[in-house]
Amino acid sequence: MPNSRSSSFTGDAHPFTGRRRGIIRTYSMGQQKRRPVIMNDDRIIRQRRLSHDAIPDAPRRFIVDVEDTMRMILEQEDTDGNFQISITDSGPKVFNLGTATSNGYKGFDIRGTYMLSNLLQELAIAREHGRKRIMLDESRLTENPVDRLSRMISQTFWHNLTRRIDADGLEAILADPKNRSKSRNPRIYVPSGEPEMFEYYKQVAAERPAMNLQVELLPKDITADYTRDLNDKPGLLALAMRKESDKDGKERLQGIPFIVPGARFNELYNWDSYFISLGLVVDDMVDMAKGIVEHFIFNIKHYHKVLNGNRSYYLMRAQPPFLTDMALQVYSRLDHNKEEENKQWLLKAMRAAIKEYHTVWMAEPRLDRKTGLSRYRPEGRGVPPETEASHFTHILRPYAEKYGCSVNEFTRKYNDGEIQSEELDEYFMHDRAVRESGHDTTYRFEKRCANLATIDLNALLYKYEVDIGTAIRELFDDRLELVEDFVMHAPLPDDMPQPDKPSRSIETPQTSAEWFARAAFRKKQVDKYCWNEGMALYYDYDTVREEQSVYESVTAFWAMWAGLASERQADLMVRKSLKKFEVVGGLVPGTEDSRGKISLDRPNRQWDYPFAWPPHQMLTWVGMERYGYVEEARRLVYRWLYMITVAVVDFNGLVPEKFDAVKLSHMVDAEYGNQGIDFKYVVKEGFGWTNASFQVGLTFLDTKLRRALSVCQDPETLFGKK
């Protein structure tokens, strides 16, 4: 089967393209035009050069009084009063520090936004550690921005984004900025199959009464109605734990640590965690990534899917499936001296993925039986509670006026079933599907997402099928026994013997032939329904209208990440379609034409042009490299990392959730705005998948491009204008 084996991607030239085959990294594998003078109607002060002073013979050091220097530098340089020093501040951009060799008598000018913001950051860190006076190396202020950010991510950001759900870690994760209910007491829900865990949290609540923790046991069967009823008392969902010995030698449950995205997202998220894990393995934090896989396995066992996030309002909703690749990435980096133990760990992950495949993605309502393809189509009731308070007001107000009540009163009656509306039911079915897709929101999915067999979801499921088949063949002697009993909903391809009724998992040993046949069938169906030869691109397929969507999405390149595209299809996409999505700062989610005109009545959506997100970048880089388009991959990587690095240099070390990739700006005018931009003095977390994209991206760059990035050489100068 094409592209199903790692041996398919060696160094041999392909007969069709003549291009050398790429690497499987799938993770189963002059003048610097920096920014315009005017940005968002504000005049920007052009960057000053760092210093005109002579280069010293020895590294320069400064004696600094922390509090006084912080106060003076903020008074002088932070002209907009946001506790940051950025390129938009209008201070003189120069500050004098006393040198250590002269005991502070002689001064040296610190110049430019980058050095001054680094000074502010170092002072803030010193103050946090209780330091009154410090000896500061100049190298901390002039540090290569690429090295500085990479160091901060690996040594600081991951640590500050780490959470654990246990007695010592609960306080940090119970807080939920998205909770708009009247119930403010912290609450944790424990699966019915974890009685020991339930007793553990009850004990924690008793031992720490000041926490006011409420511990609830979930029923075995979790329905849409039950989940809706929890909206008035939202809470955290328990995750995997392990037994550890305490200082007295007694065994005690302890939460397995994981990484949260950051900002308002203070819980474990599904697809965020996949991309975060790629950054973790680059930074040799394999145990942390392994723990996240174990949380996913726990999710599937107890919540029957890898949840959107571990809060009660996400109980009915999955997100894009990445478990197999994530598990294989971790497995390949485990201690090779423990091979049998490692294989048993991987076996648990593959069994969980097989269950999720059959009971979630290949079961109705997500499965479209006519095409054999899958859709984002979660069950649910009512209005999603985790959105901003006014998010659905424009949708609900006409209904509220019809029934002569306020929007809040109408929302309550609709959620409780007192008012019925098939039209609203359909609207929120699609809205829930958008959120399950991870792309909330975009005009690509407006009022139709639940009907679409998307190219991204089906590329991911193809990857599941190939990964599972390969693992069974290569690691489990071509036979994998399932130990948890469930109905295997996924139909077999037509060319395989068909059972009289759906099989039960414990009666059906898994073989590689079956999974490779599933992958081959999916490729055939994707080619039939989603591939457009004339446009050289994959499109979503509307299973209700029975036609291709016309929205051009960059997720078409996920087919290259998954190995789903043929060499010919990949070549056509790279030559004819890549240019539609590539802008100065990387890849946009869709084309400007696909998005359509923007107005007061039709505002920007955050997953549309001109915004750009780490997942789209990372999967496309890997896909390009996999098929041998190494130069294209590096160019795309450089564009994205340049945008991040310029934000770090010009905006006090800022690392946000997303960017406007056309304006090279973190100031995003859409829906929720941006995350990761509200901080004082020093960035402490960045944002999960943006951190990861930087660390992973650096592994693509050669020495020349890394040097160019360090001095923020404009990609339009480096590669030519778009």
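Structure summary
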quantity: For Tyr551, Tyr609, order by how many other beta-carbon atoms lie within 10 Å, fewest first; calculated: Tyr551, Tyr609
quantity: Efficiency of FRET between Lys447 and Arg133 - r from beta-carbon atoms, R0 60 angstrom, step 0.05; calculated: 0.45
quantity: Value in Å of the Kirkwood radius, where the stretch 393-452 supplies the Cα pairs that are averaged; calculated: 12.3
quantity: Residues of type aspartates and glutamates that Lys247 reaches as a straight line, Cα spacing below 16 Å, ignoring anything fewer than 8 places off in the same chain; calculated: Asp168
quantity: log10 of Debye I(q)/I(0), alpha-carbon scatterers only, for the chain at 0.05, 0.07 Å⁻¹; calculated: -0.26, -0.51
quantity: Reachable aspartates and glutamates from Lys182, criterion Cα separation under 12 angstrom, eight or more residues apart if same chain; calculated: Asp232
quantity: Where labels lie 7 Å past Cα in the beta-carbon direction, separation of Phe719 and Tyr226 in nm; calculated: 5.0
quantity: Residue-count net charge about Arg180 - beta-carbon cut-off 10 Å; Lys, Arg +1, Asp, Glu -1; calculated: -1
quantity: Mean projection area, nm², convex hull over Cα of the stretch 357-502; calculated: 11.8
quantity: Only Lys, Arg (+1) and Asp, Glu (-1) charged, at Cβ; the stretch 393-452 dipole about Cα centre in debye; calculated: 180
quantity: Out-of-range pairs (alpha-carbon distance over 18 Å; input Lys202/Lys301; Lys579/Lys704; Lys501/Lys528; Lys663/Lys704; Lys579/Lys721; Lys447/Lys523); calculated: Lys202/Lys301; Lys579/Lys704; Lys501/Lys528; Lys663/Lys704; Lys447/Lys523
quantity: Under 12 Å from the Arg180 label point (7 Å along Cα→beta-carbon), backbone N, the stretch 351-395; calculated: 383-395
quantity: For the stretch 372-399 versus the stretch 481-539, the gap between their alpha-carbon centres in whole angstrom; calculated: 31
quantity: Added length on full extension, which subtracts the Cα-Cα distance from 0.36 nm per residue, Lys243 to Asp702; calculated: 160.8 nm
quantity: Whole-number percent relative contact order across the stretch 579-722, with pairs defined as alpha carbons under 8 Å at least 6 apart; calculated: 27
quantity: The chain, dipole about Cα centre (Lys/Arg Cβ +1, Asp/Glu Cβ -1), debye to the nearest 20; calculated: 1480
quantity: Proximal charge balance of Ser406 [Cβ under 13 Å; K/R count +1, D/E count -1]; calculated: +2
quantity: Estimated FRET transfer efficiency when R0 is 41 angstrom, pair Tyr105-Gln155 (beta carbons, to 0.05); calculated: 0.75
quantity: Within the chain, percent of DSSP bridges classed antiparallel, to nearest 5; calculated: 90
quantity: Helical mean residue ellipticity (222 nm; -39500 (n - 2.57) per DSSP H run of 4+; nearest 500) of the chain; calculated: -11500 deg cm²/dmol
quantity: Sorted by Cβ neighbour density within 10 Å, fewest at the top, the residues Val360, Val583; calculated: Val360, Val583
quantity: Mean shadow area of the stretch 140-287 over all directions, Cα convex hull, nm²; calculated: 11.9
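Each reported figure results from applying straightforward, stated rules to the coordinates on display, with no laboratory input. A quick note: this is a predicted structure, and the numbers were derived from the prediction, not measured. Don't worry about glycine lacking a Cβ; one is built from the backbone with ideal geometry, like all the others, and counts go over all protein chains shown.
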